Amino acid sequence: MAELVLRDVEKTYGKSVQVLRDINLEIETGELIVFVGPSGCGKSTLLRMIAGLERITGGELTIEGQRMNDVPPAQRGIAMVFQSYALYPHMTVRENMAFALKLAKKSKAEIDEAVDRAAAALQLEPYLDRLPKALSGGQRQRVAIGRSIVRDPKVYLFDEPLSNLDAALRVATRIEIAHLKEAMPDRTMIYVTHDQVEAMTLATRIVVLANKGIAQVGTPLELYETPDNEFVAQFIGSPAMNLLPGKITGTGEQTTVELAHGEVAVSAIPTTEEDKGKIVNIGVRPEDLVPTEDTPLFRGRVDFTEALGEVTLIYFEEVNGAPAMTAKLPGIHRDLRGNDVSLAADPAKVHLFHKGQSMRRR
Ligand SMILES: Nc1ncnc2c1ncn2[C@@H]1O[C@H](COP(=O)(O)OP(=O)(O)O)[C@@H](O)[C@H]1O
Ligand SMILES: [Mg+2]
C-alpha cells in the first residue's frame, strides 16, 4: 500500500483564492519525492498541508491508509525542516537536538541514544557541545535536520532546506541528504525545491507543479527524456529546450514537420494520417543540436557565445521569422560569434507538441 496518498486535494485561501486543485499522488514508503516548480506555484502550501500546518480545503490525505485531514501535526508521524533553521541560540547542539524529546518527556538514556544516533548520521559528533553561533551555515542546517531525525518520524518534509547556503555548501549538504536518505531506506522524504539540479540529483520521482496542479510525475530521466508537455519540457534541463513552430507534413513511423522558418525537421515520434496539417511545436534540447553540413533544421548567425569550459553555449537571435535558438556544443569553440551555423538533431531527440501536449503518448 502506498504510504502517503493525496486524493483530489485542493487549497483555497479565504473564499476564492484557489492555489492548488486536482492533486492526486501516491507516494510509496522509502521514496524521496521532490516537488519542484516556479516560485509561487504552491510547493510550500502542499507540503504544509501534508504536515498539518495548513488546512486541506478539499480532498483527502491518508498516511498508511488512515485519513489525516483532521489529525494534528504532532500526531501525523511527520517532521518538517524549513528553509530558515531557527535554532535556539542559547542551547548547545546537543540541547537543540534533544529539545523535542525532552518536551515529550522521554528518559535521559533514550534522548542520549537518539541524539548520538542523529549526530553520527549527520557527522555532527565533534560539535555537540557548541552553541549555534560557533557553527557554519551548513552545520546549523544539519543540526536542524538532526532535530527532526531524533524524533524518528515516518515521513520527513523538507522545504527548500539548502537555499540559504552558498553554492559549494549547497552541493556538499545535498550529497549529505542523499547519504542520509540511503541510511534510512524505510523512511519517506518529500523535498521541496525550485532548483532543478537538486530535483534531478536527489529524487526517486519528481512532481512538477504548475498552474495550480501537477504538470507531470516521473523519475528525473523520464521527465528529461519524455516530458508530457511544453511546460515540463522547458522547466527541466538548462538552458531550456528550444521550441520551434511548424506544421506536420509527413506522418507514419516518423513525422516530418515543416518549420515556420522554412527548414524541415524529422521526429521519431509516430503519427497517423489524421495528424497531417496539425500545427505543432517541435522541441529540441540545446545539447541535442549538432553542427551539420547537410539538411539542417535550423541555420542562423551566432549572436553570442558563452564558454563554460566543458561546453560552449551558442545563442541565435530571432531574425526574419527564424526563432531565437540556443545550442550547447561540447568543448571549446572560439571565434563562433558572427558566423553562420547550421544545426541538425537526431530524430530520436526531436520532441513533438500539439496544443502544448506531447504527441508521444496518446
Ligand atoms: N495565507 C495566504 N493567503 C493567500 N494566499 C496565499 C497565502 N499563502 C500563500 N498564498 C499564495 O499561494 C500561492 C502559493 O504559495 P507557496 O505555496 O508559498 O508557493 P511556493 O512555495 O511554490 O513558492 C502563492 O501565490 C501565494 O501568494
Ligand atoms: Mg515555498
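The values are calculated or read from the model by the stated rules, or taken from the named source; none is laboratory data. No experiment lies behind these values; they were computed from the predicted model shown. No Cβ is skipped: glycine too gets one built from the backbone with ideal geometry, and neighbour counts run over all protein chains shown.
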Filter pass, SER148 being at pLDDT below 90, of a type in the set (Ser, Thr, Tyr) and assigned to a loop (DSSP other than H, G, I, E, B): no
Identity of the residue in segment 37-54, of a type outside the set (Ser, Thr, Tyr) and not in a loop (DSSP other than H, G, I, E, B), that ends up surrounded by the fewest Cβ atoms within 10 Å (Cβ to Cβ): ALA51
Segment 22-36 - residue that is assigned to a strand (DSSP E or B) and farther than 11 Å from LEU202 by Cβ and, of those, farthest from ligand 1 (Cβ to nearest atom): GLU26
Qualifying positions in segment 196-215 - surrounded by 16 or more Cβ atoms within 10 Å (Cβ to Cβ) and either aromatic (Phe, Trp, Tyr) or within 16 Å of ligand 1 (Cβ to nearest atom) (or both): GLN196, GLU198, ALA199, ILE206, VAL207, VAL208, LEU209, ALA210, ILE214, ALA215
Test: ILE50 is at pLDDT 95 or above, under 21 Å from ARG147 (Cβ atoms) and of a type in the set (A, V, I, L, M, F, W, C): yes
In segment 55-77, the residues that are buried (at least 17 other Cβ atoms within 10 Å of the Cβ) and either within 16 Å of ligand 2 (Cβ to nearest atom) or without any contact (Cβ under 8 Å) to a residue 40 or more places away in the chain (or both): MET68
Given (1) out of contact with any Ser or Thr (no Cβ under 7 Å at 6 or more places or on another chain); (2) in contact (Cβ under 8 Å) with a residue 24 or more places away in the chain; (3) farther than 28 Å from ARG361 by Cα, number of the condition ASP186 does not satisfy: (1)
